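See structure below.
The values are calculated or read from the model by the stated rules, or taken from the named source; none is laboratory data. Bear in mind that the values here come from a model prediction, so they are computed numbers and not experimental data. Neighbour counts are summed over all protein chains in view; Cβ atoms, including those assigned to glycine, are modelled from backbone coordinates with ideal geometry. Accessible surface areas use protein heavy atoms only, side chains included; no ligands, DNA or RNA. Shrake-Rupley method; radii C 1.70, N 1.55, O 1.52, S 1.80 Å.
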Amino acid sequence: MRSRQGRGQSKAQEARTPMEKKKFYITTPIYYPSDNLHIGHSYCTVATDTMARYKRLTGYDVLFLTGADEHGQKIEEKAKAAGVSPQQYVDKIVASFQSLWQLLNISNDRFIRTTDDYHVESVKKIFKALYDKGDIYKGAYKGKYCTPCESFWTESQLVDGKCPDCGRPVVDAEEEAYFFRLSKYAGKILALYDEHPEFLTPQSRVNEMKAFISQGLEDLCVSRTSFSWGVPVEFDPKHVVYVWVDALSNYITALGYGNGRYNDFQKYWPADVHFVGKEIVRFHSIIWPAMLMALDLPLPKRVYGHGWLLLDGGKMSKSKGNVVDPVFLCQRYGGDAIRFFLLRAFPFGSDGVFSNEALITTINSDLANDLGNLVSRTVSMVEKYFAGQLPVHRAAEPIDEELMSLVRGLPEAYAAQMEAFAFQNALGEIFRVVSRANKYIDETTPWILAKDEGKKSRLAAVMYNLLEAIRVCAILLAPFMPDSSEKMLDQIGAEAAERTWESAQKPCALRDDVAVKKGGTLFPRIDMAKELAELAARQEAQKAAAEPPAPKAEPVAPPITVEDFFKVDLRVCRVIKCEAVPKAKKLLRLELDDGMGGRQIVSSIHPWYEPEDLVGRNIIVIVNLKPAKFCGVESNGMLLAGDDASGSCKVVFADQLPAGTKIG
């Protein structure tokens with residue numbers, strides 16, 4: 001799925017005469033392959049695909065980019081835990097990304113992976129260019145670090161002492177690093193917001209970014225030495241490029257900037273819009289433009305930060321175990337139905353609450369009852385009353401005008417909403433016409449007209465108007481539901497020239513003697529109660545399967561006396577420093593504050609914990625254990641830990657107690 005290779009090209013687009021087109025470059029974020037994607041990721045990608053298809057429909061030369069951000073400490077750790085190389089780990093997850101995009105009929109032109117050789121080549125050049133200009137310098141980082149988010153934070157940015165993005169604990173971290181002079185560009189970024197208000201939308205995102213910058217913009221850590229899975233800094237290979245210089249650069253490396261893979265940078269850059277979730281707006285509207293300013297490159301025209309899909313009032317998160325699987329939804333309801341629901345049910349710039357009830361209601365109400373019923377009734381009546389082909393002669397009446405005026409005005413109203421990325425409103429304009437067409441059937445009563453041979457011309461006019469309304473609606477629905485749109489246009493007999501954006505803007509462009517061909521049910525109605533019961537049963541089964549088996553009970557050790565127990569001296573100790581023991585795969589050396597002057601211990605927990613997982617944490621240690629040596633390193637105690645049902649080691653933490661506290 002590296003390129004579209006014709007995907008997303010409708011019959012109407014294939015029929016166009018080649019000519020020079022206006023350019024439109026649109027991107028999703030590149031997604032992090034630490035695990036399979038959830039419905040929230042699909043939301044952004046479906047919206048981006050819909051916009052790309054709309055622009056192609058209206059005559060633009062579109063380049064639509066998506067991809068995967070494959071480097072970082074978290075990937076390295078997950079691969080290690082899985083017993084595979086980082087590349088093997090991401091290859092498997094990225095394959096699942098691409099399978100999902102196929103289910104959702106995503107028409108991306110390119111799919112970039114940050115492990116692609118050409119991207120790696122470009123990132124090395126970009127890092128060196130920024131270093132040579134003095135915008136990257138070597139220093140030492142000391143601060144708070146969130147391992148899951150791979151983000152450094154200042155004390156003032158923490159929320160209740162935890163990571164402001166994911167809410168998990170942070171640890172003190174210090175290491176040599178290269179920094180990007182982000183602080184140098186604070187004034188220019190603020191000026192960008194004021195002078196180009198269209199750059200960042202919705203407006204609420206601008207207010208958030210200004211507030212963030214007002215706290216003081218610090219220089220950005222852009223390299224790490226504590227892990228190796230990343231793009232090496234060519235002139236200092238113990239460092240790897242850290243996150244944002246690597247990830248954000250994909251938008252230009254995918255066009256050939258700094259590499260020979262493509263030659264489209266001059267053609268498509270700057271991007272017309274980056275669609276991103278609101279949680280990464282800061283990186284795209286502060287760090288990314290600052291990097292481009294430093295490189296003397298044009299800025300993207302627009303960054304749009306969309307809202308989240310929430311579940312039970314909270315953000316979907318793999319760590320919370322509350323994600324919705326888009327693969328299952330697509331397989332059960334069809335890709336087009338899921339695409340439609342995501343953009344019909346929620347305003348793109350705001351948060352929305354996902355529920356199975358809302359999904360089924362949308363499918364039943366909008367698709368099965370309104371749209372599907374309109375197409376089915378109309379095509380069936382043309383087949384029944386005219387043997388499938390309309391006569392040329394028609395008799396208009398004043399009652400036709402309200403529907404047909406709505407049809408004539410629909411493309412302009414729809415386009416205004418699409419250009420504003422107001423997908424929900426664009427669909428609202430279409431369904432105003434759908435609703436009016438259904439009402440028109442009830443008003444004109446074709447089944448009564450059909451009984452009078454003298455009113456055949458009038459009946460033909462009613463049927464033609466309905467087919468024309470369906471035609472225009474189906475054309476405009478193509479960006480949202482590409483497969484269903486084609487099926488509707490097939491059923492009403494629209495030829496290639498009658499499926500174009502240009503034809504949608506022409507009154508009564510459908511040929512007079514059109515012949516219809518009834519097909520299968522477009523959107524089967526769902527039994528709400530039965531479906532919800534089945535979904536609930538599936539969810540319960542999944543929860544039960546995910547529950548770890550109860551640990552096997554170990555035999556109780558021989559009894560000891562209270563005096564024996566009190567011989568064991570348990571103390572809370574804070575981990576000050578932690579490092580791997582050389583030439584020992586399982587051993588970590590921990591330097592501890594035990595409230596008594598300090599000590600070191602050695603523990604065989606490295607298969608389950610990295611040093612940064614432990615630094616800053618409080619653990620419980622047997623401090624009066626006889627000293628022992630492991631691989632030549634002396635250990636003065638033993639930490640408390642146990643194995644869970646899966647066999648993974650879990651350290652007993654005591655962060656709520658101060659170092660030196662005696663247990664027992």
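Of all residues in segment 284-302, count the ones that are assigned to a helix (DSSP H, G or I) and open to solvent by less than 10 Å² (accessible area, probe 1.4 Å).
10
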What about Val123, is it of a type in the set (Val, Ile, Thr), buried (at least 21 other Cβ atoms within 10 Å of the Cβ) and over 30 Å from Asn618 (Cα atoms)?
yes
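Could you check segment 222-239 and list, in sequence order, the residues that are of a type in the set (A, V, I, L, M, F, W, C) and open to solvent by 10 Å² or more (accessible area, probe 1.4 Å)?
Selection gives Phe227, Trp229, Phe235.
Per-residue answers, yes or no, for (1) under 27 Å from Ala177 (Cα atoms); (2) assigned to a loop (DSSP other than H, G, I, E, B); (3) modelled with pLDDT of 95 or more:
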{"site": "Glu198", "(1), (2), (3)": "no, yes, yes"}
{"site": "Met209", "(1), (2), (3)": "yes, no, yes"}
{"site": "Phe212", "(1), (2), (3)": "yes, no, no"}
{"site": "Phe227", "(1), (2), (3)": "yes, yes, no"}
{"site": "Val245", "(1), (2), (3)": "yes, no, yes"}
Taking the condition over 27 Å from Met293 (Cα atoms) and open to solvent by 40 Å² or more (accessible area, probe 1.4 Å), does Val159 pass?
yes
Which of the residues spanning segment 493-518 are assigned to a loop (DSSP other than H, G, I, E, B), within 36 Å of the chain's Cα centre (by Cα) and touching a residue at least 40 places away in the same chain (Cβ under 8 Å)?
Arg499, Thr500, Gln505
From the options Ile39, Ile30, Ile26, Ile75, residue that is in contact with a Gly (Cβ under 8 Å, 6 or more places away or on another chain) and at pLDDT 85 or above:
Ile30
Subset of segment 93-120 [aliphatic (A, V, I, L, M), touching a helix residue (DSSP H, G or I) at 6+ places or on another chain (Cβ under 8 Å) and open to solvent by less than 20 Å² (accessible area, probe 1.4 Å)]
Leu100, Leu104, Ile106, Ile112
Does segment 270-283 contain at least one residue that is part of a helix (DSSP H, G or I), closer than 24 Å to Gly216 by Cα, modelled with pLDDT of 95 or more and open to solvent by less than 30 Å² (accessible area, probe 1.4 Å)?
yes
Filter result for Ala515 (open to solvent by less than 90 Å² (accessible area, probe 1.4 Å), small (Gly, Ala, Ser) and at pLDDT 95 or above):
yes
Using the structure shown, decide if Ser156 is among the small types (Gly, Ala, Ser), within 19 Å of the chain's Cα centre (by Cα), modelled with pLDDT under 95 and part of a helix (DSSP H, G or I).
no
Report every pair of residues separated by at least 6 positions or lying on different chains whose Cβ atoms are under 6 Å apart, first residue within segment 242-255 and on the phi < 0 side of the Ramachandran plot, second charged (D, E, K, R) and modelled with pLDDT of 95 or more.
Ala247/Asp69; Ala254/Arg110; Leu255/Asp264
Within segment 560-632, which strands (runs of 3 or more DSSP E) (wholly inside it) include 2 or more residues that are open to solvent by 30 Å² or more (accessible area, probe 1.4 Å) and in contact with an Asp or Glu (Cβ under 9 Å, 6 or more places away or on another chain)?
570-580, 588-593, 599-603
Residues in segment 167-187 that are surrounded by fewer than 17 Cβ atoms within 10 Å (Cβ to Cβ) and in contact with a Pro (Cβ under 8 Å, 6 or more places away or on another chain) total 1
Does any residue of segment 44-63 turn out to be in a strand (DSSP E or B), at pLDDT 95 or above and surrounded by fewer than 22 Cβ atoms within 10 Å (Cβ to Cβ)?
yes
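Residues checked against (1) in contact with a Pro (Cβ under 9 Å, 6 or more places away or on another chain); (2) surrounded by fewer than 18 Cβ atoms within 10 Å (Cβ to Cβ); (3) at pLDDT below 95:
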residue	(1), (2), (3)
Ser355	no, yes, yes
Asp366	no, no, no
Leu374	no, no, no
Val379	no, no, no
Gly388	no, yes, no
Ala395	no, yes, no
Glu402	no, yes, no
Val407	yes, no, no
Any chance Tyr137 is crowded, with 19+ Cβ neighbours inside 10 Å, under 23 Å from Leu292 (Cβ atoms) and over 24 Å from the mean Cα position of the chain (by Cα)
no
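Phe111: closer than 30 Å to Arg339 by Cβ, of a type outside the set (Gly, Ala, Ser) and in contact with a Ser or Thr (Cβ under 7 Å, 6 or more places away or on another chain), yes or no?
Judged against the criteria, Phe111 is a match.
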Residue among Val407, Val433, Val462 that is under 17 Å from Met381 (Cα atoms) and not hydroxyl-bearing (Ser, Thr, Tyr):
Val462
